[in-house]
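Report on the following structure.
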Amino acid sequence: MSSKDQKIFVVDERKCDGCRECEKACSHKHFGVCSPRHSRIRIEAFGDGDLFVPVFCQACGDPLCIKVCPMNARIELANGAVVTDEDRCIGCRTCVYICPVGAPVENPVSGKLMTCDRCAEDEELPLCVQACSKQQALRFVDARVVARTTARECAARLKAAYKPPKVPE
Amino acid sequence: MPKKMMIVDPERCTGCRLCEQVCSVKHNGVSNPSLARIHVVKWDNEGFYLPMRCQHCRDAPCMRSCPVNALYRDEELDSVRINHDICIGCKMCVSACPFGAMGWNPKQGRVFKCDLCHGDPQCVRFCDMKAVDYVETSKMQASRMREAAENYAELMRKHGR
Amino acid sequence: MALNRKIAYIDLDKDEIKVEPIPREWRRKFLGGRGLDAYLLYKHTPRGCDPLGPDNVAIISAGLLVGTLASASARTHVMAKSPLTNLTGSANMGGFFAPEMRWAGFDHLVIRGRAKRPVYLYVHDGEIEIRDAAKLWGVGIYDTQDIIRKELGDEETQILCIGPAGENLVRFANVMTGRKNAAGRTGMGAVLGSKNLKAVACRGTMDIELKYPLEALEYNKEVIDQVISTKVSQIMQRWGTGFIYSVTNTTGLVRTRNFQYNQLPHSEDIECENLDKYSIGLDGCFGCQVHCRHRYVIKEGPYAGTYAQGPEYTSQGAFGAEVGCRSMNTVLVGNHLVNDYGLDTLEVGSMIGWAMELYEKGILTDKDTNGLKLEWGNDEAVLEMVRQMTFREGLGDILAEGPLRAAAKIGPESLPYLIHVKGMSNLHSDERPTPSLALNIAVASRGADHLRGRPAIDLYNLPMKVYEKVYRSPDGYEGPLTNSYSEYEGKPRMVLWQEMVYMAVDCLGVCKYHTVFLSPNHPAFKEFTQLIRLNTGLEFSEMDLWNIANRCYTIERLFNLREGMVRQDDWLPDRYFDEPTKLGLPVARGKSIDREKFKAMLDEYYRLHEWDEEGIPTRELLERLEISDLWPAQN
Amino acid sequence: MKIVIVGNGIAGNEVAFSLRERTPEHEIKILSAEKFPEYDPCSLPYYIGGDVPREVVFRRSLDDYQNKNITLVLDSPVVSIDPHAGAVVTAKGEKHFYNKLVLAHGGRLFIPPIEGVDRQGVLSCKLLGEADKLSEHGGSTAVVIGSGAIGVEAAEALKKKGYVVYIIELLDWILPALFDEATARRLEAALRTYGIQVLTAEKVLRIDGDTAVTGVVTDKREIPCDTVVIATGVVPGTALAQTAGIEVERGIKVNSRMETSVEGIYACGDCVETIDACTGEDVMFQLKHNATEQARIVARNILGMNATYTGAYAFARAHFFDTHAVTFGKTSRSTACLLGDTEVIERENGKDYLRLILLDGKVAGGQAIGTYADSIGLFMGAMWRQDDIKTLRKNWVNIVRAGSPYPWIYRKMGWLIGLSATDVSSDAAAVCQSF
């Protein structure tokens, strides 16, 4: 198992500014065009730009889409990604409906569904994550350190509360 | 059963991370702090150590974000727990938890979190400094007040009022 | 399994890294940690190699139980041929490096050669990278760690590194991790410095599988309870090791003004109780409930506001009694400086104390010191000398060469004032009233040293049955034992027993405060067998452990013999025999070591070890220990 | 241990392969009534319609069984069980002994008692053998009797093959078990736009023809046709269980560990009656995901891991041409008889339609067509979590404020049920401009 297999996506909505660079990167990598319709990750925008959420396949450990797909087209890759086998998919969208976030996206070329493949073999980091390197809203981190990293961020915020300025004697 | 809660006191923490180790051994049978449900966040260049663990929030973001309700409140211990039979491993809770209390175990393909060791938290048991403690909720406030009062009294004595 | 950790052979000349599993046979014979290091050192260094040359190997290791549920299983051991003594170089330290190295998949890193430019190693989850460290060169150990963590983007990375002292090949430079954890003795930092190796960074998330995890958890609790139920642990939990200073200074067991006195009167300021003013809490190594040191902030002077850890008992001696200073601030600043520079605090204190006595006697003059008044109690001069030694300026450049080499440069008239064994300075304790401790420092395999076999509990004058229980196990020793520390009889056995138990804990990677060191009620062989069984599944009897410890200790002895050590090196400076103590309680006053009795003690010690009268292990012993192939040395 | 599994469907295979995933031990044997390795009945309409080639319906090949050391006995329907001897008997008279038996033989097609159902050209598409026949059948006009999911899918498939297609539904609207009238009417309209004749509230009286079908007679009209597809639902197979004295109601009764009333005999899949995961009522949802889940529970319990089944859930989609619809949980009709305040939230936007059924403020079920369907997962989550929509409305100000601790899914749900339409800018055109 390479270290990439142990990685998971972590989203911090607070950091997303809706720049959609991730969508561009994704569509460009897989279709050679920059178009949100061709992207497997999409940004949901709420309010007057006060909340942007990157929505994409969570690659569940026990994916519901695999269980409900009538064509058995949803498959788990060795790197943990859950993707659609286009030879089997008939575009019935069952995977979209069962998905807690409605992640699968229709492939505008074939009409079949598609989800994040983590830029499978050829990229060091998924391109959307690379595109988000400035905002860091989207990170692709080792699963083993994710909790610790979040804990550290939170602890940094709490530190001030716990550590009152020193009272001079 | 009296309701108890976990508290941390960074002033007492010596940063030894024994809590992390015993946690991973208790739950996973291996020594590996990255599988621990408690993390001592350390600032080595300030000497400030803050153990971070699940707060068992009343209105828990992890529970709110779980699409299959695999996270539930155990009323007996007043804790937030996972039902692994239901969990689909979508990791939404990992992103949702602001405290970093949700971990992901890639080997098992499931999330993990503090379960208070069914009422006998091992981190508390092994922490002789009681930097993490599991105390009765009703006594908690009183003891913190007493501490504050003592500090205040100390200051008064020192500065001769 | 806890046993599946690897050994990596790293050749900095060729940028080659070879990773191999550790044969089960080695575990049976050497366990791991210091024991296996000793074997590797013996095998991988050519006889007579230059300690600061590429042929010397630096071995960084974690013991067998590191990272497992053995309380305080946190020790990193560093081994190489010592540039200070040209004999066994060995030092270990606590902190968090060793467990992290095991979570990253490695037990031993065997490093040889010399990198062409400054490098550091990044060890993570089974992989090792050699990375550029040009920008780290010349940086103190605090900042080195911060910079590496930032560069790797992981705050949890544990880093072992050398400071400017190691880079400048100060022969008593440390290898450090964290704020104050120092593999402090025998100049291991200089060895890394000579290899252009600034640091080793570790980050691991691999499981250490335990054989019987839940039983181990319960047993660990028992052991912790056993350890912290003793008075001495409770005192250390509150005051740190500093409490020893108050006790020994009151008795008159503290080497003061180099070796002129054995007590520093009116030194209340540097007693541990005073630390409360500076302390912001205590600090523990991985998994340890004894947390024997303070986190403190310096309050006055140019270093005000600096955060550091410690000071240990040794720093109180080094920046207190030995140099005649009575200021806690000096102790704190000195402690901070030696840590940041990566210097051995003991050696620093001894060297400055020695220089001060030479200055007092007129052997060193203002010309030698560039006008620095090396007078007793001159705080500024002490701190200035620390800096000079690190950066090898003026007199510091000479002192940085260590006792014997410095004496050679200053002149033979300085030799009588040198307190050293085998070229390494002694701790600031005064052993004249205590023959057992004196024997320990005379025979310790890495020079004058208290952590090789000091029977510290001998000082307690406990009931005989306590000593009998401890010192007659596990091999059923039937010779004499005495419970008065001023006696000579039975002491060789105590030293030998302590050597074995310290070797065992060093092989396991457990802290000495968790074995019979400061308390007779701490865990020893019996508890170790359980800890090993529950954590790793390896079954050893107490006698097995004893034999392993004996085997490993014998290898260290063989290494020393191979590198030219002779019986005369197991001896004390003349002042121990010729100058009776002047101060202290009646039990400590007017004492000196009796030459004849000491010689008899040494003979007895050799006999107990099954060494011949020249201190060479007998053929029978080597064969019984299955290491007869190592001697006589071939390479 | 000898484990015998009756039935080579989704459930039976899932039991066998999950067992094998966990242990290399134990003898595992699957007794199949059919002649094929595992295939997916859900995919048959798409094979018939020519969307996919035939090989795609198979989930496994015979080699897979061999590689995993699972014995597959084909063409051996089991006729009886002798729990005392620990053996099952096949139609050929062979005895297979077991230590643990799993009944996963599913259900059989319900054949309505209509005159002429045995005519040539009366077909179905539940089994692969039948589907093969239907696929090869060269007709031109087809009547699909029954408008469940299979019926609608079969109609679509036949339409694609060029048939003139009629769907006849006895009840008032199509997909009656899954959808409420409001939704179903929209789907009916959509079906009609594709040229499928939908006849509801109509009863088939008989099927005409000497040997081959020539027409269908209903209570309202006569339809000349050469093909009839029976899609009137599936009834659980309970007869086999009764030979062992296993307690049976509508389906085989099982406890929470998926064990039947006879020790050592488990059951899962379409043949069992279980509880609804949300309401705890006894239900029969003959759906693939439930079969999979139940089968895994069986496998774990056989290995003594003591797993409990939390219940089945209703989730189904209806999809034909480019119309997509989905339903979950309860329909208005099934909540009508329950105590509590019911509320229906309806949203409509062109062809898109959303219908949520609330019971005491909590989501009990929902249906959607078109783009609303894509977000239905959020409401299913709300149903599982028992989120109170009343609270959502009350807290809406907090939920939409910047820096709200509520996960974004609440905002989206609020928007979807019309709390503040301006809050989400999903206008794709606006999005494209940003590039």
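The values are calculated or read from the model by the stated rules, or taken from the named source; none is laboratory data. If you're wondering where the values come from, they're calculated on a predicted model, not measured in any experiment. For neighbour counting, all protein chains shown are included, and Cβ atoms are generated from backbone atoms with ideal geometry for every residue, glycine included. The area values use the complete protein model at the heavy-atom level, side chains included, leaving out ligands, DNA and RNA. Shrake-Rupley method; radii C 1.70, N 1.55, O 1.52, S 1.80 Å.
For segment B:1-51, the set of residues classified as more than 9 Å from chain C (Cβ to nearest Cβ) and of a type in the set (Val, Ile, Thr) consists of B:ILE7, B:VAL8, B:ILE38, B:VAL40, listed by residue number. Being open to solvent by 10 Å² or more (accessible area, probe 1.4 Å) and more than 14 Å from every other protein chain (Cβ to nearest Cβ) is a property that holds for C:LYS135. Scanning segment C:391-407 for residues that are small (Gly, Ala, Ser) and either within 18 Å of C:LEU337 (Cα to Cα) or without any contact (Cβ under 8 Å) to a residue 24 or more places away in the chain (or both) yields C:GLY396, C:ALA400, C:ALA407.
Please enumerate the residues belonging to segment D:366-380 that are in a strand (DSSP E or B) and farther than 22 Å from B:CYS90 by Cβ. The answer is D:GLN367, D:ILE369.
Only one entry of C:ASP146, C:ASP154 meets the criterion of being open to solvent by 20 Å² or more (accessible area, probe 1.4 Å) and more than 28 Å from the chain's Cα centre (by Cα), and that entry is C:ASP154.
Hey, can you tell me all the residues within segment D:381-404 that are of a type outside the set (Lys, Arg) and either touching a helix residue (DSSP H, G or I) at 6+ places or on another chain (Cβ under 9 Å) or assigned to a strand (DSSP E or B) (or both)? Result: D:GLY381, D:ALA382, D:ASP387, D:ASP388, D:ILE389, D:LEU392, D:ASN395, D:TRP396, D:ILE399, D:VAL400, D:GLY403, D:SER404.
Residue count for segment A:34-76 under the criterion of being under 30 Å from D:CYS42 (Cβ atoms) and part of a loop (DSSP other than H, G, I, E, B): the result is 16.
From the set of residues in segment C:295-315 that are open to solvent by less than 20 Å² (accessible area, probe 1.4 Å) and outside any strand (DSSP E or B), which is nearest to the other protein chains (Cβ to nearest Cβ)? First the steps, then the outcome.
If we filter segment C:295-315 for residues that are open to solvent by less than 20 Å² (accessible area, probe 1.4 Å), which is where we start, we get C:295-296, C:298, C:307-311, C:315.
So of that shortlist, the ones also outside any strand (DSSP E or B) come out as C:298, C:311, C:315.
Details: C:ILE298: 12, C:PRO311: 14, C:SER315: 17 Å.
Checked segment C:295-315; the qualifying residue nearest to the other protein chains (Cβ to nearest Cβ) is C:ILE298.
Among residues of segment B:102-134 being facing chain A (nearest Cβ under 7 Å) and among the hydrophobic types (A, V, I, L, M, F, W, C), the one that is nearest to D:TRP408 (Cα to Cα) is B:MET102. Taken over segment C:185-211, the criterion of being crowded, with 24+ Cβ neighbours inside 10 Å and assigned to a helix (DSSP H, G or I) is satisfied by C:MET188, C:GLY189, C:ALA190, C:VAL191, C:LEU192, C:GLY193. When C:PRO463 is tested against the conditions (1) open to solvent by 10 Å² or more (accessible area, probe 1.4 Å); (2) outside the structural domain of C:VAL505 (by TED's automatic domain parsing); (3) over 23 Å from the mean Cα position of the chain (by Cα); (4) not aliphatic (A, V, I, L, M), the lone failure is (2).
Annotation note: of C:GLU393, C:GLU380, C:GLU375, the sole residue that is under 30 Å from C:SER279 (Cβ atoms) and either of a type in the set (A, V, I, L, M, F, W, C) or modelled with pLDDT under 95 (or both) is C:GLU380. Scanning for something touching a strand residue (DSSP E or B) at 6+ places or on another chain (Cβ under 7 Å) and surrounded by fewer than 17 Cβ atoms within 10 Å (Cβ to Cβ), does segment C:566-577 turn up at least one residue? Checking segment C:566-577: not a single residue is touching a strand residue (DSSP E or B) at 6+ places or on another chain (Cβ under 7 Å) and surrounded by fewer than 17 Cβ atoms within 10 Å (Cβ to Cβ). Residue check, C:ASP340 against (1) away from chain B (no Cβ under 14 Å); (2) assigned to a helix (DSSP H, G or I), all met but one. Which one? The one condition C:ASP340 does not meet is (1).
Yes or no, residue by residue, for (1) farther than 30 Å from A:ILE66 by Cβ; (2) within 14 Å of another protein chain (Cβ to nearest Cβ); (3) at pLDDT below 95; (4) not in a loop (DSSP other than H, G, I, E, B):
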| residue | (1), (2), (3), (4) |
| --- | --- |
| D:LYS35 | no, no, yes, no |
| D:LEU44 | no, yes, yes, yes |
| D:ASP51 | no, yes, yes, no |
| D:GLY93 | yes, no, yes, no |
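Scanning segment D:344-376 for residues that are among the acidic types (Asp, Glu), more than 24 Å from the chain's Cα centre (by Cα) and farther than 15 Å from D:SER334 by Cα yields a total of 2. Number of residues in segment C:212-236 that are open to solvent by less than 30 Å² (accessible area, probe 1.4 Å) and out of contact with any helix residue (DSSP H, G or I) (no Cβ under 9 Å at 6 or more places or on another chain): the value is 1. All told, D:ILE275 falls short of being outside any strand (DSSP E or B) and either assigned by TED's automatic domain parsing to the domain that holds D:LYS100 or open to solvent by 10 Å² or more (accessible area, probe 1.4 Å) (or both). The set of residues in segment C:284-294 being without any contact (Cβ under 8 Å) to a residue 60 or more places away in the chain and either part of a strand (DSSP E or B) or among the hydrophobic types (A, V, I, L, M, F, W, C) (or both) consists of C:HIS294 alone. A count restricted to segment D:170-196 and to residues that are buried (at least 16 other Cβ atoms within 10 Å of the Cβ) and in contact with a strand residue (DSSP E or B) (Cβ under 7 Å, 6 or more places away or on another chain) stands at 12.
D:ASP75 meets all of the listed conditions (1) in contact (Cβ under 8 Å) with a residue 40 or more places away in the chain; (2) farther than 17 Å from D:ALA33 by Cα; (3) not aliphatic (A, V, I, L, M) but one, namely (2). Determine if segment A:100-111 includes at least one residue that is away from every other protein chain (no Cβ under 14 Å) and surrounded by fewer than 24 Cβ atoms within 10 Å (Cβ to Cβ). Checked segment A:100-111: at least one residue is away from every other protein chain (no Cβ under 14 Å) and surrounded by fewer than 24 Cβ atoms within 10 Å (Cβ to Cβ). The set of residues from segment C:31-51 being more than 26 Å from B:VAL25 (Cβ to Cβ) and either over 26 Å from the mean Cα position of the chain (by Cα) or open to solvent by less than 20 Å² (accessible area, probe 1.4 Å) (or both) comprises C:ASP37, C:ALA38, C:LEU40, C:LEU41, C:TYR42, C:THR45, C:CYS49, C:PRO51. In segment C:325-347, what count of residues is obtained for those that are crowded, with 24+ Cβ neighbours inside 10 Å and more than 22 Å from C:GLY95 (Cα to Cα)? Number of matching residues: 2. In segment B:82-161, counting only helices (runs of 4 or more DSSP H) that sit wholly within it, the ones holding 1 or more residues that are modelled with pLDDT of 85 or more span B:92-96, B:122-126. When the test is whether a residue is within 8 Å of chain A (Cβ to nearest Cβ), open to solvent by 10 Å² or more (accessible area, probe 1.4 Å) and under 17 Å from the mean Cα position of the chain (by Cα), B:CYS93 does not pass it.
Contact map, segment A:41-56: first residue more than 9 Å from every other protein chain (Cβ to nearest Cβ) and more than 17 Å from A:VAL96 (Cβ to Cβ), second residue assigned to a strand (DSSP E or B) and among the hydroxyl-bearing types (Ser, Thr, Tyr), Cβ cut-off under 7 Å, separation 6 or more or different chains; the map is empty. Scoring B:GLN108 on the criteria (1) farther than 22 Å from A:ARG144 by Cβ; (2) open to solvent by 40 Å² or more (accessible area, probe 1.4 Å) leaves a single failure, condition (1).
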